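**Student:** Provided herewith is a single structure, encoded as structure tokens, for subsequent inquiry.
The values are calculated or read from the model by the stated rules, or taken from the named source; none is laboratory data. Not measured: the values here are computed from a predicted model. Don't worry about glycine lacking a Cβ; one is built from the backbone with ideal geometry, like all the others, and counts go over all protein chains shown.
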Protein chains: 2
Amino acid sequence: MPARLIDGKTYASKVKEQVTAGVEAFKAKTGTSPGLAVVLVGEDPASKVYVASKARVSGEVGIRSIEHKLPATTSQDDLLQLVRSLNADPEVNGILVQFPVPDQISQQAVIDTIDPVKDVDGLHPLNAGRLASGLDAMVPCTPYGAYLMLKGVREDLSGLKALVVGRSNLVGKPVAQLLLRENCTVTMAHSRTKDLRAEARAADVLVAAIGKPNFVQGDWVKPGALVIDVGINRIPAPEKGEGKTRLVGDVDFAAASDIAGAITPVPGGVGLMTVACLMRNTLIAAHRQAGLPDPAV
Amino acid sequence: MPARLIDGKTYASKVKEQVTAGVEAFKAKTGTSPGLAVVLVGEDPASKVYVASKARVSGEVGIRSIEHKLPATTSQDDLLQLVRSLNADPEVNGILVQFPVPDQISQQAVIDTIDPVKDVDGLHPLNAGRLASGLDAMVPCTPYGAYLMLKGVREDLSGLKALVVGRSNLVGKPVAQLLLRENCTVTMAHSRTKDLRAEARAADVLVAAIGKPNFVQGDWVKPGALVIDVGINRIPAPEKGEGKTRLVGDVDFAAASDIAGAITPVPGGVGLMTVACLMRNTLIAAHRQAGLPDPAV
């Protein structure tokens with residue numbers, strides 16, 4: 001394994017430390033802590049775990065966590081009404097509605113209703129457009145986490161060939177914008193791409209965000225490349241016992257880590273950055289709403 | 001010259017015909033014509049030509065043209081006040097502020113003030129984000145014109161390798177989004193790209209939008225590629241007489257047209273589509289403001 005391991009825990013700890021200091025400074029200036037409202041509709045077990053993790057990390061960094069748990073039968077109107085009241089609430093600086101929402105609710109309607117300055121998930125089209133246009137934006141948490149890890153490994157990304165596999169609004173597209181802003185030559189690939197192996201073999205930076213376990217093969221990786229694996233896939237693990245599972249990324253880690261220059265593991269990689277970057281976004285949102293310059297996080 | 005010539009005049013005429021029919025249908029439904037407000041600040045000769053052309057083509061397709069000519073000394077506050085009054089005016093469906101504006105006015109402040117549903121230039125970050133997010137948007141006119149020409153030559157672009165050279169908010173970035181939507185594998189290149197020739201040689205679709213005369217060399221073009229030249233550069237033309245000039249694109253047309261499968265000339269190419277697509281956007285904006293489904297243009 002010649003590849004340097006890009007350890008999510010180290011990077012996430014650093015972000016959380018910076019946010020903790022930023023929260024202290026914000027309190028000293030304004031007399032109050034940033035507030036993050038997290039809305040959970042229904043009883044999805046994975047969503048409950050994520051929401052609990054967000055509340056816990058909020059506590060660690062000094063952000064006020066406000067939880068709203070609604071029944072799975074909640075109507076779209078009722079949810080949008082709650083979002084509007086959170087938009088209007090000066091105690092709330094960030095709003096996160098945990099997705100997926102039940103079928104009777106349009107995810108896009110929820111996204112479009114969140115005030116863009118409180119949109120700490122960075123999914124509102126205004127934030128996507130501000131990011132694409134080179135303006136201050138709320139940047140989605142996972143892509144920003146991936147970006148911080150890349151910058152940690154190599155500060156100057158200018159001129160590198162980057163391949164982003166996957167074009168979701170949540171990850172692939174914002175990652176591409178962040179890498180373009182860093183002056184990478186950025187290629188966006190996806191399920192219709194004809195020779196993904198050849199594209200990958202040419203990439204100095206490879207970001208996989210497709211949600212297919214071990215999809216990117218080791219010999220697709222350019223020797224020395226920086227590999228960021230955003231996938232988190234649960235697969236059967238009979239070696240651990242009957243019915244057991246384990247998490248793997250979109251990249252065949254065992255093979256790729258012999259070839260890459262640096263690589264993120266799964267678990268223990270980008271996934272750990274998501275909540276840390278959510279805290280960062282909440283701190284930034286609080287500053288913008290208070291009319292203060294963005295904090296240095 | 002084996003390349004098929006992609007003639008801007010033919011494509012622009014077709015768009016204008018469709019818009020003319022759409023305007024007639026809109027009038028039949030609503031009793032009124034779409035209205036386009038064009039705002040010119042100052043006396044820039046090129047801007048005056050563009051504004052006059054917009055008014056003329058509006059007349060051709062049946063769109064009401066409302067011109068506002070302000071002195072070069074206009075303050076930002078006064079211009080934004082005018083934009084807000086146009087936002088509120090139900091007779092105005094589209095607002096175009098001719099850029100560049102004088103130095104005392106922030107272009108971004110103007111863009112951010114235009115109501116996104118009247119933003120027929122497609123420059124508001126909300127429209128950029130809606131395009132990037134796969135939602136209905138106002139798409140900037142020149143990129144959409146380039147896209148229509150590509151689709152005219154080859155209806156199914158899926159899986160093609162596309163290279164967009166230039167990453168402006170006005171052209172490069174929206175073109176990349178449109179090609180991604182068509183399932184191209186899209187690479188965004190720019191001044192920091194290390195081996196632009198190699199990128200171009202691999203591209204089935206090449207869009208040049210950098211503003212450098214004859215920059216893309218003939219032997220950079222992949223044999224059979226579709227080449228869209230968005231550049232419009234004025235260069236000296238001593239062969240036409242002392243002090244004379246002529247227009248050329250970003251692609252060395254004479255050389256590239258021996259190699260490409262199809263290519264747009266300059267002049268006579270994409271440039272002719274811009275105003276036609278502005279009319280199209282105004283018609284679409286009028287439909288959306290009237291609560292009607294988008295017209296088939």
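**Student:** Filter segment B:172-183 for residues that are buried (at least 24 other Cβ atoms within 10 Å of the Cβ) and within 11 Å of the chain's Cα centre (by Cα); which is farthest from the other protein chains (Cβ to nearest Cβ)?
**Tutor:** Ranking the candidates gives B:VAL175 first.
**Student:** Further question on the same structure: Just to be sure, is B:ASP156 surrounded by fewer than 18 Cβ atoms within 10 Å (Cβ to Cβ) and either more than 13 Å from every other protein chain (Cβ to nearest Cβ) or among the hydrophobic types (A, V, I, L, M, F, W, C) (or both)? I'd like the intermediate steps shown before the answer.
**Tutor:** Values: surrounded by fewer than 18 Cβ atoms within 10 Å (Cβ to Cβ): yes; either more than 13 Å from every other protein chain (Cβ to nearest Cβ) or among the hydrophobic types (A, V, I, L, M, F, W, C) (or both): no.
Answer is no for this residue.
**Student:** Counting only residues that are touching a Gly at 6+ places or on another chain (Cβ under 7 Å), surrounded by 16 or more Cβ atoms within 10 Å (Cβ to Cβ) and in a loop (DSSP other than H, G, I, E, B), how many does segment A:238-258 have?
**Tutor:** Number of matching residues: 3.
**Student:** Does B:THR142 meet the test of being of a type outside the set (D, E, K, R), in contact (Cβ under 8 Å) with a residue 24 or more places away in the chain and either at the interface with another protein chain (Cβ under 7 Å from one of its Cβ atoms) or surrounded by fewer than 24 Cβ atoms within 10 Å (Cβ to Cβ) (or both)? Steps first, answer last, please.
**Tutor:** Numbers: of a type outside the set (D, E, K, R): yes; in contact (Cβ under 8 Å) with a residue 24 or more places away in the chain: yes; either at the interface with another protein chain (Cβ under 7 Å from one of its Cβ atoms) or surrounded by fewer than 24 Cβ atoms within 10 Å (Cβ to Cβ) (or both): no.
Considered against the rule, which asks whether it is of a type outside the set (D, E, K, R), in contact (Cβ under 8 Å) with a residue 24 or more places away in the chain and either at the interface with another protein chain (Cβ under 7 Å from one of its Cβ atoms) or surrounded by fewer than 24 Cβ atoms within 10 Å (Cβ to Cβ) (or both), B:THR142 comes out as no.
**Student:** Of the numbered conditions (1) surrounded by fewer than 21 Cβ atoms within 10 Å (Cβ to Cβ); (2) in contact with a Leu (Cβ under 6 Å, 6 or more places away or on another chain), B:GLY291 satisfies every one except a single condition; which is it?
**Tutor:** Of everything listed in (1) surrounded by fewer than 21 Cβ atoms within 10 Å (Cβ to Cβ); (2) in contact with a Leu (Cβ under 6 Å, 6 or more places away or on another chain), B:GLY291 misses just condition (2).
**Student:** Here is a check on your reading of the model: is B:ILE235 of a type in the set (Val, Ile, Thr), modelled with pLDDT of 95 or more and loosely packed, with under 14 Cβ neighbours inside 10 Å? It would help to see each step written out before you state the result.
**Tutor:** Details: of a type in the set (Val, Ile, Thr): yes; modelled with pLDDT of 95 or more: yes; loosely packed, with under 14 Cβ neighbours inside 10 Å: yes.
In short, yes.
**Student:** Further, regarding this structure: Do we find a residue being more than 14 Å from chain B (Cβ to nearest Cβ) and surrounded by 23 or more Cβ atoms within 10 Å (Cβ to Cβ) anywhere in segment A:44-52?
**Tutor:** Filtering segment A:44-52 down to residues more than 14 Å from chain B (Cβ to nearest Cβ) leaves A:44-52.
Those left that are additionally surrounded by 23 or more Cβ atoms within 10 Å (Cβ to Cβ): none.
The answer is no; no qualifying residue exists.
**Student:** Pick out the one residue from B:VAL165, B:VAL186 that is more than 9 Å from chain A (Cβ to nearest Cβ), in contact with a strand residue (DSSP E or B) (Cβ under 6 Å, 6 or more places away or on another chain) and not small (Gly, Ala, Ser). Before the answer, list the steps.
**Tutor:** Numbers: B:VAL186 fails: more than 9 Å from chain A (Cβ to nearest Cβ).
Unique residue meeting the criteria: B:VAL165.
**Student:** I'd like to check which helices (runs of 4 or more DSSP H) are fully inside segment A:1-97 and have at least 2 residues that are touching a helix residue (DSSP H, G or I) at 6+ places or on another chain (Cβ under 8 Å), on the phi < 0 side of the Ramachandran plot and of a type in the set (Gly, Ala, Ser). Before you say what the answer is, go through the steps one by one.
**Tutor:** Numbers: elements: A:8-30, A:45-61, A:76-88.
It comes to A:8-30, A:45-61.
**Student:** Can you give me the number of residues within segment A:189-236 that are hydroxyl-bearing (Ser, Thr, Tyr) and touching a strand residue (DSSP E or B) at 6+ places or on another chain (Cβ under 6 Å)?
**Tutor:** Going residue by residue through segment A:189-236, those that are hydroxyl-bearing (Ser, Thr, Tyr) are A:191, A:193.
From the residues that got through so far, the ones that are touching a strand residue (DSSP E or B) at 6+ places or on another chain (Cβ under 6 Å) too are A:193.
Summing the residues that are hydroxyl-bearing (Ser, Thr, Tyr) and touching a strand residue (DSSP E or B) at 6+ places or on another chain (Cβ under 6 Å) in segment A:189-236 gives 1.
**Student:** So for segment A:66-83 (the condition being within 20 Å of A:ALA286 (Cβ to Cβ), in the same structural domain as A:GLY35 (by TED's automatic domain parsing) and basic (Lys, Arg)), does at least one residue qualify?
**Tutor:** Within segment A:66-83, not a single residue is within 20 Å of A:ALA286 (Cβ to Cβ), in the same structural domain as A:GLY35 (by TED's automatic domain parsing) and basic (Lys, Arg).
**Student:** Give B:SER58, B:SER53 a once-over and let me know the one that is in contact with a strand residue (DSSP E or B) (Cβ under 9 Å, 6 or more places away or on another chain) and either in the same structural domain as B:ALA262 (by TED's automatic domain parsing) or closer than 30 Å to B:ILE105 by Cβ (or both).
**Tutor:** On the way: B:SER53 fails: in contact with a strand residue (DSSP E or B) (Cβ under 9 Å, 6 or more places away or on another chain).
From the options B:SER58, B:SER53, the qualifying one is B:SER58.
**Student:** Same structure again: As an exercise: evaluate A:GLY134 against (1) within 12 Å of chain B (Cβ to nearest Cβ); (2) buried (at least 21 other Cβ atoms within 10 Å of the Cβ); (3) over 19 Å from A:ALA203 (Cβ atoms) and give the number of the one condition it does not meet.
**Tutor:** A:GLY134 satisfies all of (1) within 12 Å of chain B (Cβ to nearest Cβ); (2) buried (at least 21 other Cβ atoms within 10 Å of the Cβ); (3) over 19 Å from A:ALA203 (Cβ atoms) except (2).
**Student:** Separate question: Let me confirm something: among A:ALA128, A:ALA109, which residue is within 11 Å of another protein chain (Cβ to nearest Cβ), over 24 Å from A:ILE6 (Cβ atoms) and either surrounded by fewer than 17 Cβ atoms within 10 Å (Cβ to Cβ) or modelled with pLDDT of 95 or more (or both)? Explain how you work it out, then say what you get.
**Tutor:** Working: A:ALA109 fails: within 11 Å of another protein chain (Cβ to nearest Cβ).
Unique residue meeting the criteria: A:ALA128.
**Student:** Something else: Kindly indicate whether B:LEU70 is free of Cβ contacts under 8 Å to residues at least 40 places away in the same chain and more than 22 Å from the chain's Cα centre (by Cα).
**Tutor:** On the way: free of Cβ contacts under 8 Å to residues at least 40 places away in the same chain: yes; more than 22 Å from the chain's Cα centre (by Cα): yes.
When the stated conditions are applied, B:LEU70 passes them.
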